[in-house]
Structures are given as structure tokens and as C-alpha cells.
Amino acid sequence: MTENVLEIDGVSKSFGGNKANDGISMTLARGEIVALLGENGAGKTTLMSILFGHYTPDEGRIRVAGADLPPGRPRAAIHAGIGMVHQHFSLAPNLTVLENVMTGTEKLWSLRSESGRARAKLKALAERFGLVVDPDARLGDLSVGEQQRVEILKALYNDARILILDEPTAVLTNLEAETLFSTLKEMARQGLSLIFISHKLDEVMAAADRVVVLRGGKVVAERRAAETSKAELAELMVGHRVARPVREAHERGAPVLEAASVSVRIDGVDRLKEVSFRLHAGEVLGIIGVSGNGQAALASLLSGTLVRSAGDILLYGEAIGDFSVADTVASGIGRIPEDRTREGAIGEMAVWENAVLERIDEPRFSRRGLVDRRAAIAFAETIVRDFDVRGGGARTRTRLLSGGNMQKLILGRNLAERPRILIAAQPARGLDEGAVAAVHARILEARKAGTAVLLISEDLDEVIGLADRIQAIVGGRLSPPVSADDVDARALGLMMAGAWKKEAA
Amino acid sequence: MRFERREHRPLALIVLTPLLAVAAALALSGLLIAAAGAPVLEAYWRILVGAFGSRLSATETLTRATPLMLTGLAAAVAFRARVWNIGGEGQFYFGAIATAAVGSQLLAGAPGYLSIPLLLLSGAVAGMVLLIVPLWLRLRFSVDEVVTSLLLNFVAVLVVSMLIDGPLKDPLAFGWPQSQSVADAAMLPKLVARSRLHWGFAIALVLAFVVHFVQSRTVFGLKSRAAGLSPEGAVFAGVPLARTLFLVACLSGGLAGLAGAVEVLGVKGYVTTDLSPGFGYSGIVVAMLAGLHPLGVVLAALFTATMFVGADGMSRALKIPSYIADVTVALSLITMLVAVFFAQYRIRR
């Protein structure tokens, strides 16, 4: 019989009247990987925050290796051997890897630094688990995947026996995610216990021994990964079967947005190099690629927040100069930014303010510099109703909406205006299954209505499911387009690796 | 014990926050009054009597509140948009000296209906100029305006000091460094006869409502709030960041400069280097006490003026130093910051 290193017993936690956790019980055995699966807002992160002592539970208790864990004290959790890898890393970008790992472990009044011993320990850990990283590299210079490795090493350095990872793959590329999972399996093999939080079915099936499904703050099911299927988990997670919408074949229209050898140079670095594409009405053009290859520059350029340094852009067949955000909005270009909390919406402002901010100078929302609140709120209420934004009304502070509902708001304020072109950067990133399906359905609906959609995404399934044609972006260059019907995931993988360049050469 | 961010802030809490902060500050400075050997409650009673006990003291308190309302509005407007204008004091002096210079040199013979608006305007413009410099440095070179606007205070006071000891020196002031006076016709009329209370108080009061209206109802108010809350979000929505912050700086610097102009035209008629007992700095306290709300600024300025004016009366009656007023006002800023924290977070055991 395997011993339980962690027992969570009847934990409940409410925020306001909202029960985020409702009598949750689960166990974790030595050497086991448990996936905590659930939609956004199901209570996963709350539960892990309670476990790590960030929150104090209203009821219930937690035992680590048979001993009660005092609630609400992160330090006690660390001492008990619990390590946490946050979704947004808690590392200092201006310190080196070694300094980051040591932070919080040294005695404040010690005269000697323990860096020598720390370096040896870090090296031993890195070798033992195959987490290679240069201890003297400045953290800010590392890739996101490497930074995550540092975060894991930091937990291990604190002698963690139980490791909690909060949506560890949200920021990783597919390849990095695979590496991560083989590392996690190795750690489990060596006797560590792991919980990882996720709402992605593929990775849960690939990496976990056991799956605990949360819905509405309750444990709704527990399955061994070997004895379940993606379909069953999806159903358990959402409570009803979800079908991702399917793209129907239909005729595309005339080209509405064309780029010819467009380059963007920022501070002497080429972000886009001689990029060309032709976007037709009524089609979805997918741009795939590993993040950091120029997607952000492409999205910003077409959203009006960046200007090109060379090349021509034709909008509706006419050459245009530099265009501002106001120009894009006025010429019927809808924009969904990559980062919804930073660019897409302002958290401290009301839903209605976020709904109309980019159109506030239009006469229907303001006259002689005065905001027409009634019209603005009515517009926001239409979006909330038509696009099924839940968790608040037009006057709610936007911060209080969940990620999926915030995205519906952003999507809604664009699509309500029936744009001729939609620039969608990672529109479904970080959303739960239900919200992903909703966003995809809306994009296909817009396509059917004749909108030209430029879909920038790292999610291959998403692009294959939605796009008519696909181009890859690698090192700021775009591949020639391929028809989505002619390619499979393997061919796209090669495109993302830049294989087309050899053919061209 | 832990702190958790509140999801919702009830209205009662928002209103209670400054009241509790002031009560806590009064309780704390009560300890000092007790330590000075005076009865605490009587001391506070004396402050109240000193500030409002007679027609003279009441008008004096309102006179004192006038520049505080304007510098408080200046800070509140800027802070709302995350423009950290710490230079209210310098802008106050620039506004004052510009008013005195224009009033004594160019408009000395002009009738009041012409010179008063022009002089108020020149004070406001001078204040704007002094804040546009740090803002430009921030937009162009990312220089922190906290530092630059603060340091410009000292530059401004020295420039004023040079002017009133040089080109603008009043030859009839028996050698004291004092600027020449604006014409009597250019002085703001009294609001209450035989007192120092002038129309500047009404101007400040109206401006508080104007600023409130601008912030809550206009496109500019919405855009400047967006620019302050999230520069990236504002830029994505097409808010011209530089232009919006520039206008915010004009409004903020203009209000602080106007405070200086109003003080010259309402009270003194000329400028000395002790024209302001720290109105610019106190304006920051006033704005914070008001929770950056323009109408709250009016109340916070009245509270601060009450403490300053009333403390003199208390000091005379009970023989304890009037510096207790500075302590109380300073303490109320600290307790307000603590209270704001507790309004945003709740304690969990």
C-alpha cells in the first residue's frame, strides 16, 4: 500500500457569498502525479492557495505526512515540504538564477554567504532531475521555459517533497511542455509527489496518474488516467458534452487586407522581415508559430499601435500610410489583443467603460466632449446579453470578471460592430473548454458573415480547426500559405521549425 | 494574520474611511497634548472655537482653506492619472510671481474686469509651464517626475527670491525682499466685508465642482483615468497617451498656479518668499485625505485649515505649541493611508 503524503479533508472557502471551495477532499500518494482539472473558476487555484497557506480555509483541514498543517502560513507549508510553482513566476528578473533560488533561505544576520554550498546543492538537484540551467545567468535573460525550471529548482532547493504547479504549461510552447512533463515524471519516479493544475485535457491524459475533477468548487469525480478518456473528462469538467464548432466550407471573397514585404524594426531589432500575406473576406487565415517569433509585432502593427519601417499595406485594395488605432477602428478592423488584462481591458474600469473606450469619440457615445453614459451603458448591456458575459453587468468593475468572460466582452465589443476584418491574437489562450468553444463559434460566425479573420495562435488544434489557410511565422518571417485541408499537425510542426526556407533556398 | 483584497467595497466604508482616519489622528495627537500637560478635549474645543468661534476666525479659516482647495485639486487631478505632481509648491510660487509681475508691470492701469481674469490666467499658465517640464522629461526620457517636480520646487522658490530681490523689488518696502504690488483695482473683491475672505474661495469651490464634472462626465476625464490606470490598455484603445497626460499636467499645474494667483490677488497683493506656509505640500495631504475625489478635497481642505487656524487660538489659551496642528495634519495623512489600506483589504486570521 502506498502511503498518503497529503490529505485534504473537507476544505471549504467562501468569498463574499460565493463558495469557491465546497467541502473538498482529496489525497496524494508518494510518487504520484495528480492532475487537478477544472474550468476557470472551478476553485483549483483557491484550493492550492489554501494548501500553500495563502488563504485560510473556513472549514476543513490539511494533513501532510500524517501531521496537521497549520492553516494560513506559507512558511509552515514550506517547512512541511510543500513547494509551489506559480503561474506567474515569483522570481526577480534582475537577480541571477542562483540568487533567485537562495532568496528567502539565508539567515538575515549571517555574515557569510552560503552561495558556495548553495551552488553545489543546486548543481546536484539540476543533475538529478535533468533541469539544466546556468546558475549565473541573469533571470531576465532566460526564456519563459527556463524561468519555470528555475522556479521548480527553487522549490526543490527548499526540500519540497510535494510540488504544486499552477497551470504550468500556460506559458510554454508544445516542445517545452513535453520536456516539462518528462521532468515531472522523473521527479515522481524518484519519490516526489506532484499536483498540477490544468484545464487542458491532452496534458492531463499524458502526464497524470490520477485526475481529480473540480466543478463549481466541488470534487465531481476522481479517475485513474488509464481508466478514463478525454471525452469523459471533458464532460465531467463542464457538466455537459462540449463539441468544438466545426468550420464549414464556403466561398471566400475578395482580398481586403494585403501586406507586401512589410518590415518592422524596433530599437534596431527586426521584429518583422518582409512579411507578405493576403487576407480575403470570409476566410480565416491562421498564423502559427512558437511565441516570440514576431507575432506580437504583427498583431500590434495591424492593431494600429505600431508603425512599419518598410513595405506596403493595402486595405480594401487601396494603399495606406501609417494608421493609428483610431484609423483601424474607424475602418472596420476589430482587434483582439494577445494580453487581455494588460491591453484588452482595464481592470479597474467598469465593463461599460471598457466596452466603449476605443469608440468614445464617435458621436453616438459622446457629444461635444461629454460622455453619453446612457448610450454607452446600453451598448455594454447589449454585449453582455448577446455575448453571454457572466459575472456582472455593465457597471461591474471589469477586474471581477473571469478571464473567459472578459474575453467575451472584448470579442463582443468588436463583433457587435460587424467588423470587415478581425485581428485575433491568441483569442482562446488560458480559457476553459466552454469559453474556448464560445470564442471559436463566434469567430466562425463572423467568417460566415464575410469577416476576414487573421488568427494568430500557438495552439495547433485551434488553427487547424478554424483556419482556411495557414502561414507560419518564424524569426519575423512568414511562410507561404498552405491550405488547411492539405496539412496535418506534423507538416505544421515542420513549418513552425522554418522548413519552408530550405525549399525556397 | 493575513490580508485579503476585498472584492467589493461598500459605499459606507468609502465614506467612513477618511472620518475614521481623522478620528485616529486626533486621538494620537491627543496623546501629545496630554503629554504637554493640557486637557485634551478642551484643547480640541479651543481649536474649534479658534477656527469658527467668531466671524473673524470663521472667515479666516475659509481664507486659509482657499489655496488648499486649489492645490488639493491640483494634486488630486494629477494623481488620478498617475502623474505624480509633487511640485505644487513651486507651481504655487510661479503662479504668484507671474501674477505679481504682470499685475504690477503690464496691467497696472487696467480696470478690474479686465485685469482680474487676465491675472488669474497668467498665474495658471505659469503653474502649467512648471509642471510641463517634468512631464516632458518623463515622456521623452522616462525621468521620474516625482523627483523632478519635487526638486523644481526649490528652483522655483529661488527664482522667486531672485526676482523680488531684483527686477520686481518693491522700492517702498524698506529693503525687505518683497515684490511690487498689483493695482488695487486688480484685487479680488471681498466675499464678506471687513474680513480677509475674498472671491477666491467661491472660485475654488466652483472649480471643485467643475473638476468633478470633468472627471466623471467628459471624454477627457474617461481617457485620463484610462491613461492613469493602464497605459498599455489606454494605448490599445487609441487614447493618445502623451497628449492626455499633457492636458492633465496643464490642469494640475494650472490649478496650483491659480492657487498662487488667488492668494496674491485675494490676500496680499504682492509676493514674499513666505507667501505660502507649504500650501503646495499640504495640497498633497488634502488630496490624499479626500481619496482624490474633487468634492472630498473641499472638505479635506476645510479640515486642514481648521487645524491650522484653530491651533493658534488653542496655543494662546492653553500655552501649548501650535505645531500640534502640523502634527495632527501629518498624522491624519498617515492614518488615512492606513485606513485606505484597510478599506481595500480585509484581515483574515
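Any read-out appearing in this document is the output of simple, stated calculations on the displayed coordinates, not a laboratory observation. The structure presented is a predicted model; accordingly, all values stated were derived computationally and were not measured. Here the Cβ is made from the backbone with ideal geometry for all residues, glycine too, and neighbour counts use every protein chain on show.
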For the pair residue A:226 and residue A:248, how long in nm is the line joining their label points, each one 7 Å along Cα→Cβ?
4.5
Efficiency of FRET from Cβ geometry, residue A:136 and residue B:334, R₀ 56 Å, rounded to 0.05
0.85
Name the helices (complete DSSP H segments) of chain B with a Cα length along the long axis of 27 Å or more and a Kyte-Doolittle mean of at least 0.0, or state none.
B:11-35, B:55-80, B:112-141, B:145-165, B:241-263, B:294-318, B:324-344
Below 9 angstrom from the Cβ of residue B:230, what's the summed charge of the other residues (Lys, Arg +1; Asp, Glu -1)?
-2
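222 nm [θ] for chain B, helices only, -39500 (n - 2.57) per DSSP H run of 4+, per residue, to 500?
Mean residue ellipticity at 222 nm (helix-derived): -24000 deg cm²/dmol.
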Treat each spin label as a single point 7 Å out from the Cα along the C-beta direction, and report the residue B:232 to residue A:390 distance in nm.
2.8
Just in segment B:250-349: which chymotrypsin sites (Phe, Trp or Tyr not before Pro) are loop by DSSP and have at most 13 other Cβ atoms within 10 Å?
B:323
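Hey, with R₀ at 51 Å, roughly what FRET efficiency would residue A:87 and residue B:295 work out to, going by the Cβ-Cβ distance, to 0.05? Could the numbers behind the result be given before it?
Details: r = 41 Å, r/R0 = 0.80.
Efficiency at R0 = 51 Å is approximately 0.80.
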Which of the three applies to segment B:1-121, rounded, prolate or oblate, going by the alpha-carbon gyration tensor with a ≥ b ≥ c and a/c under 1.5 meaning rounded?
oblate
Label point distance in nm, residue B:209-residue A:124, each placed 7 Å from Cα along Cα→Cβ:
7.5
Add +1 for every Lys or Arg and -1 for every Asp or Glu among the other residues with Cβ under 11 Å from the Cβ of residue A:23, and state the total.
-1
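For residue A:179 and residue A:266, FRET efficiency with R0 = 35 Å and r from the beta-carbon atoms, rounded to 0.05?
Once rounded, the FRET efficiency stands at 0.70.
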Sorted by Cβ neighbour density within 10 Å, fewest at the top, the residues A:26, A:102:
A:26, A:102
Using a/c under 1.5 as the rounded threshold, could you call chain A rounded, prolate or oblate? The axes a ≥ b ≥ c are square roots of the C-alpha gyration tensor eigenvalues, and prolate needs a/b larger than b/c, oblate otherwise.
prolate
Tell me which of A:354, A:331, A:456 sits at the most positive position along the dipole axis of the protein assembly as shown, charges placed on C-beta atoms (Lys, Arg +1; Asp, Glu -1).
A:354
DSSP-defined beta bridges in the protein assembly as shown - what % are antiparallel, rounded to 5:
60
Hey, which lysines would be in cross-link range of residue A:121, C-alpha to C-alpha under 16 Å, not counting anything within fewer than 8 residues on its own chain?
A:154
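Calculate for chain A the 222 nm mean residue ellipticity that helices alone would give, adding -39,500 (n - 2.57) per DSSP H run of length 4 or more and normalising by residue count, nearest 500 deg cm²/dmol.
-9500 deg cm²/dmol
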Just to confirm a number: summing +1 for Lys and Arg and -1 for Asp and Glu over residues other than residue A:197 whose beta-carbon lies under 9 angstrom from that of residue A:197, what do you get?
-1
Whether the protein assembly as shown is rounded, prolate or oblate, judged on the alpha carbon gyration tensor where a/c under 1.5 counts as rounded:
prolate
Straight-line reach from residue A:19: which lysines have Cα under 20 Å away, leaving out those fewer than 8 places along the same chain?
A:44, A:218
Under unit Cβ charges (Lys, Arg +1; Asp, Glu -1), what dipole magnitude, rounded to 20 debye, does chain B have relative to its Cα centre?
1020
Could you work out how much longer the chain between residue B:341 and residue B:55 gets when fully extended? Use 0.36 nm per residue separation minus the Cα distance between them, nm to one decimal.
99.1 nm
